[in-house]
Every structure is written in C-alpha cells, then in structure tokens.
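J.: Have a look at the structure that comes next, please.
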Amino acid sequence: MSRATTLLPGAAYAALAIADTVAAGTGRRRLRRVLKPALMPTLAAAFHADLRGRGAHPGTRTLRRGTAVAQALSWGGDVALLGTGERALLTGLGSFLGAHVAYIAAFSSVRGDTRHYDTTGLKVALGAWVTLAPLTSVAAGRRDPALRGPVAAYATILAAMFASSRMLDPALPPEARRRLQAGTALFLLSDSVLAAQMFLLREPRPALEAVVMATYTASQGLIAAGVARAT
C-alpha cells in the first residue's frame, strides 16, 4: 500500500474535525448535520488504512476489534446528540457508554502486570469519578430526575475507560501508549466540558462547544493512532 493511500484518510479526518469544530463554535447547526456524522466513518477508514499499511500482529486482534466497535458506537452517539430533547440525550449517552465499554475491553486485552500500572493516572481516574459522578448526576437530576442514574453510570464508565488506559502492557511501543493515554485524557476533558455545558450553564456557549469538539476529535484520533501503532 502506498504512503499516500495510508495518509489521505487521516488528513480527511483532520480536515473534517477542524471544520466541525469551527462550525460548532459559530453555531452553524445545519452545516454540522453534514460534518459531524462524517467524522467517525472517516476516522474508521483512516484507522483501517493505517492497520493495513503496518500489518497487524495477531495477538492484538481484540484491541483492534474493540476499537472499531467503539468507533461505530461513537458515530451513533454523534448522530444522536445532533438532536434535541431527552430522548436524543439518552440515546447519545447510551451509545457513548457502549463505546467506552468497547474501549475498556480493547485496552484490557493488552493489560500489563500490576507492578507497571500508572498509579498517578489511576488516582486521577478515581478523583475524576469521585468528582464527576455525583456532580453531574445531581446537576442532571435538577433538569430531569430520570437523567440522574444514566448520567452517573456514564461518568463511572468514562472514568473506568480512562483508568484502563493506565494499565497497558509496558511491552507495547512507548509511542502507542503515549497516544492512547493522551487520547483517553482528552476524552475525559471533552466530556467534562460537555457536562458543564449541558447541566451547569443556563445558556449554551458556542465557544465551549468548540472546545468539546476539538478535544473529542483529537481524542478519537489519538486513540486510533495509538492502537494502530500498538498492533
């Protein structure tokens, strides 16, 4: 496979990510209905092109498959959250919760010995869970009591996904581990800003929506790149 064939899908994803971030920051909802649903399919194409370009190790099959499933479920969440109302929110939460479970399964397939865990990262994950789960569930419950449980569950799974990336096998290439861990950290940041935007602020702020999308698209791209290098 030529280098151009491998790089083009990644460049297309980067261009889409930038365009959607700008559209989010300027409140162009019609344009976002075109751009946002295209993000994850384009990333999936880049991910598979990267895998073919490198050749995949058989022992990382679960890591690759789990990542592909997470990308598909993330696409469902992206589309759902373009809508408005409680149904769209719950559908989006469910899709992204499933995506994080898929990432946890993927990362757990290349988990290392407990002696090599990133204990600082695990403490951050615990702190994020202790902070985010009660704060966001209470704030969401003020909007609608039915949201309290799903939001708390989502915050728990999000923190667990971040923690799972801090338990990777040290035999994986260092660059792969760094990208994976940077990606999950940005995912945690993105969803924290999104929760503040949705449940703590009275009026939506386009600038914060741009932050959400910039960190989200970067996180997904880094995770895909890290997995490709790990395999």
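The values are calculated or read from the model by the stated rules, or taken from the named source; none is laboratory data. Note that the coordinates shown come from a computational prediction; the quantities given were computed from them, not determined experimentally. Because the Cβ atoms are built from the backbone with ideal geometry, glycine has one as well, and the counts that use them run over all protein chains shown. To get the accessible areas, we keep the full protein, side chains included, count just its heavy atoms, and leave off ligands, DNA and RNA. Shrake-Rupley method; radii C 1.70, N 1.55, O 1.52, S 1.80 Å.
J.: With a sphere of radius 13 Å drawn around the Cβ of Arg29, what net charge do the other residues whose Cβ falls strictly inside it have (Lys, Arg +1; Asp, Glu -1)?
T.: Values: positive: Arg28, Arg30, Arg32, Arg33, Lys36; negative: Asp20, Glu209.
Once positives and negatives cancel, what remains is +3.
J.: Please build a GNM for the chain, connecting alpha carbons under 10 Å apart, and tell me which residue among Gly94, Gly76, Gly141 fluctuates the most.
T.: Highest fluctuation among the options: Gly141.
J.: What accessible area per residue comes out for the chain, rounded to a whole number of Å², with a 1.4 Å probe? Can you show the working numbers first?
T.: Details: 11030 Å² over 231 residues.
Normalised by residue count, the accessible surface of the chain is 48 Å².
J.: Then there is this: If the elastic network links every pair of Cα atoms under 10 Å, which of Ala125, Ala163, Ala19 fluctuates the most in the Gaussian network model of the chain?
T.: With Cα springs under 10 Å in the chain, the top fluctuation among Ala125, Ala163, Ala19 is at Ala19.
J.: Could you sort 129-135, 222-228, 62-68 so that the peptide with the highest average Cβ count within 10 Å comes first and the rest follow in order?
T.: In descending order of packing, they fall as 222-228, 62-68, 129-135.
J.: Are there trypsin sites (Lys or Arg not before Pro) in region 167-217 that DSSP marks as loop and that have at most 12 other Cβ atoms within 10 Å, and which are they? Show your work: numbers first, answer last.
T.: Values: sites: Arg177, Arg178, Arg179, Arg202; in loops: Arg202.
Sparse-neighbourhood loop trypsin sites (Lys or Arg not before Pro): Arg202.
J.: Hey, what did region 130-181 get for relative contact order, percent, Cα under 8 Å, at least 6 apart?
T.: On the way: 27 pairs, mean separation 14.4, N = 52.
With pairs under 8 Å counted, the relative contact order is 28 percent.
J.: Shifting gears a bit: Give me the number: length gained by fully extending Arg65 to Thr119, i.e. 0.36 nm times residue separation minus the C-alpha to C-alpha distance, one decimal in nm. Before the final figure, lay out the partial values.
T.: Details: separation 54, 0.36 × 54 = 19.44 nm, distance 2.71 nm.
Going from the current span to full extension adds 16.7 nm.
J.: Pick out, from Ser164, Val193, Ala72, the residue whose Cα sits farthest towards the positive end of the charge dipole of the chain, with +1 on the Cβ of Lys and Arg and -1 on the Cβ of Asp and Glu.
T.: Of the options given, the answer is Ala72.
J.: Shifting gears a bit: Rounded to a whole number, what % of the accessible area of region 49-142 do carbon and sulfur atoms account for, probe 1.4 Å? Write down the numbers at each step before the final one.
T.: Numbers: 2940 of 4830 Å².
Carbon-and-sulfur percentage of accessible area, whole number: 61.
J.: Could you tell me which of Thr91, Pro37, Gly141 has its Cα farthest along the dipole of region 19-163 towards the positive end, charges placed at Cβ (Lys, Arg +1; Asp, Glu -1), taken about the Cα centre?
T.: Checked the options; the winner is Pro37.
J.: Follow-up question, since we're still on this one. Which option, (i) 104; (ii) 147; (iii) 134, is the value of volume of the Cα convex hull per residue in Å³ that was calculated from these coordinates?
T.: (i)
J.: Any idea what the relative contact order of the chain is, in percent, if you count C-alpha pairs under 8 Å spaced at least 6 apart? Intermediate results must be reported in sequence, preceding the final value.
T.: Numbers: 323 pairs, mean separation 56.1, N = 231.
RCO, the chain: 24 percent.
J.: In whole Å, how far is the Cα centre of region 84-109 from that of region 156-231?
T.: 13 Å
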